[in-house]
Structure formats: structure tokens, C-alpha cells
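Peer 1: Attaching a single structure in C-alpha cells format; questions to follow.
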Amino acid sequence: MQRRLILLGGATLLPAPALRAQPRWPDREVTILVPFGAGGSTDVSVRAVAGEAEKHLGVPIQIVNRVGGQGTASLTAVAQARPDGHTLGSGAMSGLAIAPHTMEVSYTLDSFAYLPGAARFLYGIGVRAESPYGTIQDLINAAKARRMTFSATGPPNNLGMFDLNRRYGTRFQFIPFQSGAEAVTAVLGGHVECTSQTPPEMLPAIQSGRMRLLASSSPGRWKEFPQVQTLRESGFDVTIESLLGFVAPRATPPDRIATLSDAFLRAARAPAVEATLTRFGMVPEVLEASAFEQAIRAGFTRFGEQLREAGLARR
């Protein structure tokens, strides 16, 4: 049987079947793997973006918390997933740009196709209320004169303090803790002299008057304490930069990456997402996919140098 042709003004254009609409994609739910437990900053932020992205993709987005391997288990699963655009991962500096320097992982930066960035983590340096150090300058002067202990959970939280040591001759000594809450409790109990942590762990103690925020170690000030300067504004060229975005398996088709990128960009710009990020100690940082990849690769190089200098990189 001959195929019917479409005619227009006497000209033969295309066989009729060729004009049929292509199947809509995505045609079923998308899964995002999150490397940390439910209820934390990363988890809640990813859920906020996903909730908005669902509206643009037209399918449900399921969040799966794949905890393990110091935050690398989910990225390992994404790198090994079928590259059809239905399995994605939340990607942050910790898993993409830091972990490969400190532990054996089965993925590289080239294992992923990059989607947009959505948020930036905030960090700060705090002391207990009874501390004799009223400013960040006081603390740094003291750390130049003698060894000063600080609590943190690990990189990138501790890397700003190591940068202060390298650049300004301070003698901050890292005391590791399993969680941010434990790191803050150590300061409040007088077991260490300062901490480098994120707002969710520090804010309750600061707002209750038990702790003082001396400086933001992020590129910008904390919204809750706009009067507290950043380290750079205080004259110390040190900052901790850590971004949160999304990744897919490397071989995911470009048209599907484009569809996902458009949805996540529009979602990340939603006012509801900004409100959620603010409540959990983060700020919006909406980046095109190419810019997010560039930032991750630059962070990989920068963090590698810092970790080697601090003796924390694997051999």
C-alpha cells in the first residue's frame, strides 16, 4: 500500500506519518537522589525546587534519600543509572568537588551531565557568648599568638580556617565532629574556642544569646545578621563557596537535558523556593547548567589545592 502524501499548493511536502507529534517527554515520574537524610538543609532545598519543577515537567518528582559513603552513595548511583533522564541527583561541592580528593569514589566529574545550580550554602564563624573575642579581628589576633581550637564537621566547613592559617599566619586547629549540632555544642560547653558552621546549627544558639556570630565566611552576609561583615569585608581574603545543583548520567540525551534544565531554572527562580532556602540557611544562586558545571570544576581544582596543603587529601 502506498503512503498518503500531504500536498500544499501542488507541492509534495512530507509523508503524513512524519507530521505526527513526537511522544511527550517525560512520560513518567522523575527521581532525584539526595545524599543526606530527610529534613536537613540539602533535602528540604531539593524538595522545594522539585515541587516547583513538577509544575513545568508535568510529572511527579520523587525524592529518594540515598545516604552513605560520606555523601557519595547517591552520586555513585546516578553515574551508574540508565541515562534516560528519569534518574537525577542533587550535586553539591561536597560530593562532586571535595570527596574525590579525600576518598576513593567510582565517579569523576566527567561521569555526569550537568543541570542548573539552585542555591548557595552559608557558613560563619562563631564563639560562645562568654568568649573574650568580640570581633573576628580579636579572634584572628589571638590565633596568631597561640593555638586556637575550632569545631567543624569537615570540608568545606573547615577549609576557610585552614586558609586563614595559610594566608595570615593563624594557628587554628581543627577538632572534628560528626554533626553540626555537636560542633556547636562543643563551643557552648567551652571545649573548643570557636566553630565554623552553617546557619541551621548556629542560629538557635545565636538567637538565644548563647553564641556570637563574628563573621560570615560566605561571599555574602547572613540575612538574619546583616550587620555582621564577611571575612573579606573585614580585611581577610578568605571565603567558603559551596553550591547546590543537579546532575544526570553523562549519556542522557541532550534534548532531555534541555527539558530538565528549563524546568529546574524556572523552578529555582520561584519565590516559594527562595523562602524555603532562607529558612534553612541558604540563599538562591540560580546558574545555567554550563555555569554550574564550570563552578564545580573550578571548585574541584581549588578544594584539591586546599586539601593537599592541609594534609587532608588522600594519597
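Computed from the coordinates by the stated procedures, all read-outs in this text should not be read as laboratory data. All values derive from a computational prediction rather than experimental measurement. Note: ideal-geometry Cβ built from the backbone for every residue, glycine included; neighbour counts use all protein chains shown.
Peer 1: State to the nearest 20 debye the size of the charge dipole of region 124-216 about its Cα centre, where the only charges are +1 on K and R beta carbons and -1 on D and E beta carbons. Before the final figure, lay out the partial values.
Peer 2: Details: 9 positive and 6 negative charges, 66 e Å.
I would put it at about 320 debye.
Peer 1: Of all DSSP beta bridges in the chain, what percent run antiparallel (nearest 5)? Could the numbers behind the result be given before it?
Peer 2: Details: 25 of 41 bridges.
Bridges in the chain are about 60 percent antiparallel.
Peer 1: If you don't mind, there's one more thing I want to ask. Given the rule -39500 (n - 2.57) for each run of at least 4 DSSP H residues, summed and divided by the residues of the chain, what is its mean residue ellipticity at 222 nm, to the nearest 500 deg cm²/dmol? If you can, show how the numbers build up before the last one.
Peer 2: On the way: 10 runs with 112 residues, N = 315.
Taking each H run of at least 4 residues, the total per residue is -11000 deg cm²/dmol.
Peer 1: Nearest 10 degrees is fine. How inclined is helix 254-268 to the longest principal axis of the chain, computing both from alpha carbons?
Peer 2: Taking the Cα atoms of the chain, the angle to 254-268 is about 50 degrees.
Peer 1: Under a point-charge model restricted to the Cβ atoms of Lys and Arg (+1) and Asp and Glu (-1), what is the dipole moment magnitude of the chain relative to its Cα centre, in debye to the nearest 20?
Peer 2: On the way: 32 positive and 26 negative charges, 60 e Å.
Roughly 280 debye for the chain.
Peer 1: Hey, another quick one. Taking the Cβ of Tyr133 as the centre, find all other residues whose Cβ is under 9 Å away and add up their charges (Lys, Arg: +1; Asp, Glu: -1). Kindly include the intermediate steps, with their values, before the conclusion.
Peer 2: Details: positive: Arg212; negative: Asp138, Glu193.
Residues close to Tyr133 contribute a combined charge of -1.
Peer 1: With just the Cα atoms defining each centre, how far is region 166-183 from region 61-112? Give it in Å.
Peer 2: Cα centroid to Cα centroid, the span is 26 Å.
Peer 1: Could you tell me the center-to-center distance, by alpha carbons, between region 226-297 and region 117-136 in angstrom?
Peer 2: Going from one Cα centre to the other spans 21 Å.
Peer 1: How large is Rg/Rh for the chain, to two decimals, with Cα atoms and a Kirkwood Rh? Could the numbers behind the result be given before it?
Peer 2: Values: Rg = 23.3 Å, Rh = 21.1 Å.
Rounded to two decimals, Rg over Rh is 1.10.
Peer 1: A follow-up question, please. On alpha carbon coordinates alone, what is the Rg over Rh value for region 183-255, Rh being the Kirkwood radius? Kindly include the intermediate steps, with their values, before the conclusion.
Peer 2: Values: Rg = 16.9 Å, Rh = 14.6 Å.
For region 183-255, the value is 1.16.
Peer 1: I would also like to ask the following. Rounded, prolate or oblate for region 220-315? Axes are the square roots of the Cα gyration tensor eigenvalues, ordered a ≥ b ≥ c, and the cut-off for rounded is a/c under 1.5. Mind dumping the intermediate values first?
Peer 2: Values: a/c = 2.83, a/b = 1.19, b/c = 2.38.
Oblate, because a/c is 1.5 or more while a/b does not exceed b/c.
Peer 1: Which far-off residues, 5 or more places away or on another chain, put their amide H under 5 Å from the one on Ala215, with H placed in the peptide plane?
Peer 2: Ile125
Peer 1: If one computes P(r) from the Cα atoms of region 93-157, what percent of pairs lie at distances over 16 Å? Show your work: numbers first, answer last.
Peer 2: Working: 1350 of 2080 pairs.
Of the Cα pairs, 65 percent sit more than 16 Å apart.
Peer 1: Translational diffusion coefficient of region 124-216 at 25 °C, 0.890 mPa s, Stokes-Einstein with Kirkwood Rh over Cα pairs, in µm²/s as a whole number.
Peer 2: Diffusion coefficient, whole number: 193 µm²/s.
Peer 1: What angle, in degrees between 0 and 90 and rounded to the nearest 10, separates the Cα long axis of helix 41-57 from the longest principal axis of the Cα atoms of the chain?
Peer 2: Result, in degrees: 20.
Peer 1: List the residues whose amide H sits under 5 Å from the amide H of Gln173, counting only those 5 or more places along or on another chain, with H placed 1.01 Å from N in the peptide plane.
Peer 2: Met148, Thr149, Phe150
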